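Please treat every number below as a calculation from the coordinates, not as lab data. Keep in mind it's a predicted model, so treat the numbers as computed, not measured. We place every Cβ from the backbone using ideal geometry, glycine too, and count neighbours over all the protein chains shown.
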Amino acid sequence: MNRTRGDYAFNTLNYAFLTLLGFATVFPFLNLLAISLNDTLDTMRGGIYLLPRKWTLLNYEIIFRENGLLMAGVRSVIRTVLGTVLGLFCTTLLAYALSRKEFFLRKQLNAVLVLTMYINGGLIPTYLLIRNLHLMNHFAVYILPLLISVYNVIIMRSYFEQLPDGIIESAKIDGASDYQVLFRIVLQISLPVLSTIALFIAVMHWNSWFDNYLYASRNQNLSLLQYTLQKVLIQSANEIVSDNGHANIQAIRNNPESIRAAITMVVTLPILFVYPFLQKYFVKGITIGAMKE
Amino acid sequence: MTMVKRKYGFALGTSMVLLAGLAAGCSGSNNEGAAPSASTSESAPASGSASASAAPSQDLSPITYTINTSDDKLTWDSPITKKLTEKTGVSLKYDLTVGDQFQKWDLWLASNDYPDIISLDPKYTQKYKDAGAIIPLGDLIDQYGPHIKEKFGKYYNLLKDKDGKIYALYNVNASQEASPDATGSFIIQQDVLKEAGYPQVKTLDQLYELIKAYKEKHPKVDGKETIGFAAAMLSYTMNISFNNPIVSSNGWPDNGNFKVEDNGDVNYIPVTEDAKSYYKFLNKLYREGLFDKEAFSMDSIQAKISQGRVLAAYAPGWFLGDSEKALRAAGKPGSTYAHLPIYANENVEDHSNAMTPTAGGGLSWTISAGAKNPERIIQFIDYLFSDEGQVLTQWGIEGEDYNVEGGKRVVAEGLLAQRNADPDVDYKRGFKSTGTGGAPWFGIGNGAKLADGDYATPLTKDSVVQTYDDTTKETLAAYGKQVWADFLPQVNFVPGYLWQLTPPESVKVQQQKIDDAWRKNLPKIVMSKSDTEFEGAWTTMVNSIQKSGLDDMNKAYTQLWADFNATYESTIGG
């Protein structure tokens, strides 16, 4: 291995550049971390970069003081697990059926599904539909409407389609039923796409708060983590304004910037820790889906 | 043949699984729906023929109504609200709208699924009225609302909609004076005043001399450059920094971006001569290096203020947020502000301290067509308007929140101490309510008096002084004043403000273009380096705004204002 001076120069520059790029990516996050750990009145004066100036845990205390945050977290986890398992199951069944060339409704069903990607009902009709299905203020509203995502179905279908037909044929010749073929053969060799789709669905469930806000806001016992934190944030922003209409209150409120920073930490850190372990599937999965014969 | 059958079977199997899932979800919903926690409006118990009530005329049986709010901390589990239930039988259950409440209101209206009491703004009140979702209240008030009528007095007719019926209830202002916590909107650091020996500051020129002298002596604050006069440009804050000071310094009532001339003509402020002379003042500051160099960036004003670097600015109290608290916490009380009215010249007559007789234009309470026993809601609101209800909701409970000393109500020491320690104490005691437009629980205004001759709310000069620190008291004493509100002129009543009215749809596009032209050209004007450059930039802006449809917009607003005033005159007479 002979390295020329040019190589060294290139490497040095390369590393310097990558370090800078890395820092630029990490900095906003570290900055938020510092703000979340800094005294709220001190933060208003600006100039917090990487380290907090006046250390405090009060910003986190305010978030965790919110009633039912723990239960909201538990519900979010249940929703994510349940939603992912059921969603993956249904997506798999649909995608497999659509991938089989002998399925007689294949073309029509494909067309219908793709259509829904371009045209959706709009907010109010969707709201009325959910209401008329009696899903309002019920846990099922988190799961049922999201069981199938056409985007995921298409990725999975493409994957199934590029599996060699021979495998399935030979299994059938050996007397396997359709279910046996799917569960014993096809799924066994489809782990990458399954984990990708599972991750897609899980992240979607974990992040979503809009359905909570729209369909289940009247039942406090259905509040999810994201929605609860959203409430804390909006509340803190409103109070800063409304307090000044009532000069009586002299106690200090935490300003929204500090609370936003702390909330960001609370919601991103769990995902951040899981991510490295799933990332390899994530990247692989997307490229797999993109492959077409 | 068998092959085909099997494939059918598979497809069917797939759909069966899906259907089964759906069915499971639906049946599950019934179980949960029966849980006691479910909080739809249907679950409000009907007021039955329950227990005999104390007052023969009024039904005091327990009844729960739902009401929407965007305030997550409101609770019915507080001493004052419990007392309200005791007096009226009514409990409120809050239906929380987080985030975009307009979207929620639309969805509710579309699905006929709204709370019993709906807190709406004027625009949505119209929408709901047109859809028949809310009921007219006039007859109910005639029958059950003597106190509502009494408190509104001659302004009662203002509640009426165009069709002559009343759909919404909100605060009435019975006060004849400015609230003791009102302040002028120009701010000057108290240290600046102190060093100059507390001179009279009445005009912008005097202000200029003051900050110029101070900055020469103190070019830096904690190693950072002193900012003579700060401003901000981000989104709506542009109006506060570059429109509202023109309004205040000329002593006009605040009609947003518009000036109402004596003859009723309405003119867009940023192109008036008054605007030009204010921008000239800013330009003078700029050329002397006194104007905030970051004023046209996207920074907010609060960080700079919290650092103690800003000597003066135009900033209403609420705009400062907690930055003055931050300064005090950092041990710099001298860097907090005097809040003064300052004028374009000596001859300005100040009419800016205007008050409207009601809080119309903000949120108000409407009663949904689906609410059971709407008369109970009116009785509840009527209780809130009664003197007893006013004392309960504004002062609290005697012996806990206030005491009577020498025949006067005085806020209890305990409550004062709690307010200094716990920012949420007003929620916990029950002083907070939702959506009545102004003061909570239909309060009738700081400084207003009840029939017993005592103040209707605890916010008096004395209570405001109690919240001041020593520096502030010293500054005020030097001017022979007690509170900042003492610097303000006499209150004059106006029917309403232009910004409270729904903007005319017909000139929406023009207005957007005009605002854009203003935003785009203003920095060049303020930052011009010579008089000729200033004139040039000014002419460019005026031309560009005129081309964007200025005349159309002014005409539309003149019409809007004339219509409003005609309605006001006719209703208050009728």
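Could you pull out which residues in segment B:320-335 have an amide N less than 13 Å from a spot 7 Å beyond the Cα of B:Thr237, following the Cα-Cβ vector? From segment B:320-335, the list is B:320-323. In terms of Cα atoms, the Rg and Dmax of segment B:81-165 work out to 15.1, 38 Å. Set the Cα radius of gyration of the protein assembly as shown against 2.2 N^0.38 Å, with N its number of residues, and you get 1.12. Once the chain from B:Lys212 to B:Lys473 is taken as fully extended at 0.36 nm per residue, the excess over their C-alpha distance is 91.4 nm.
Placing a label point 7 Å from the Cα of B:Val509 along the Cα-to-Cβ direction, the residues of segment B:529-562 with a backbone N closer than 18 Å are B:545-557.
Here each label is just a point 7 Å from Cα along the line to Cβ, and for B:Glu349 and A:Leu13 those points are 7.4 nm apart.
Note the angle between two axes, namely the Cα long axis of helix B:550-573 and the longest principal axis of the Cα atoms of chain B, as a number of degrees from 0 to 90, rounded to the nearest 10. Relative to chain B, helix B:550-573 is tipped by roughly 60 degrees. Helix A:106-118 and the longest principal axis of the Cα set of chain A meet at an angle near 20°.
For A:Phe277 and A:Arg53 in the same chain, what is the full-extension length gain: residue separation times 0.36 nm, less their Cα-Cα distance, in nm? Spell out each step's value before the answer.
Details: separation 224, 0.36 × 224 = 80.64 nm, distance 3.40 nm.
Separation in residues times 0.36 nm, less the Cα-Cα distance, equals 77.2 nm.
Computed on chain A, the Cα convex hull volume stands at 219 Å³ per residue. Across the cross-link table entries B:Lys325/B:Lys461; B:Lys127/B:Lys508; B:Lys217/B:Lys332; B:Lys82/B:Lys123, which are compared at the Cα atoms, the separations over 26 Å belong to B:Lys82/B:Lys123.
Could you tell me what a quarter of the Cα convex hull surface of chain B works out to, in nm² with one decimal place?
Working: hull surface 148.1 nm².
Mean shadow area of the hull around the Cα atoms is 37.0 nm².
For segment A:108-252, the relative contact order comes to 28 percent (Cα pairs under 8 Å, sequence separation of at least 6). Compactness ratio for segment B:431-574: Cα radius of gyration over 2.2 N^0.38 Å (N = residue count) comes to 1.58. Once you have the Kirkwood Rh of segment B:366-429 from its Cα pairs, apply Stokes-Einstein at 4 °C and 1.567 mPa s and quote D in µm²/s. My calculation gives 94 µm²/s for D. How large is Rg over Rh for segment A:1-160, taking Rg from the Cα atoms and Rh as the Kirkwood inverse mean of 1/r across Cα pairs? Value, to two decimals: 1.18. Cα axis of helix B:204-217 to longest principal axis of chain B: angle in degrees, 0 to 90, nearest 10? Here the helix axis deviates by roughly 70 degrees. Legend: Rg and Dmax of segment B:194-322, from Cα coordinates, 15.3, 53 Å.
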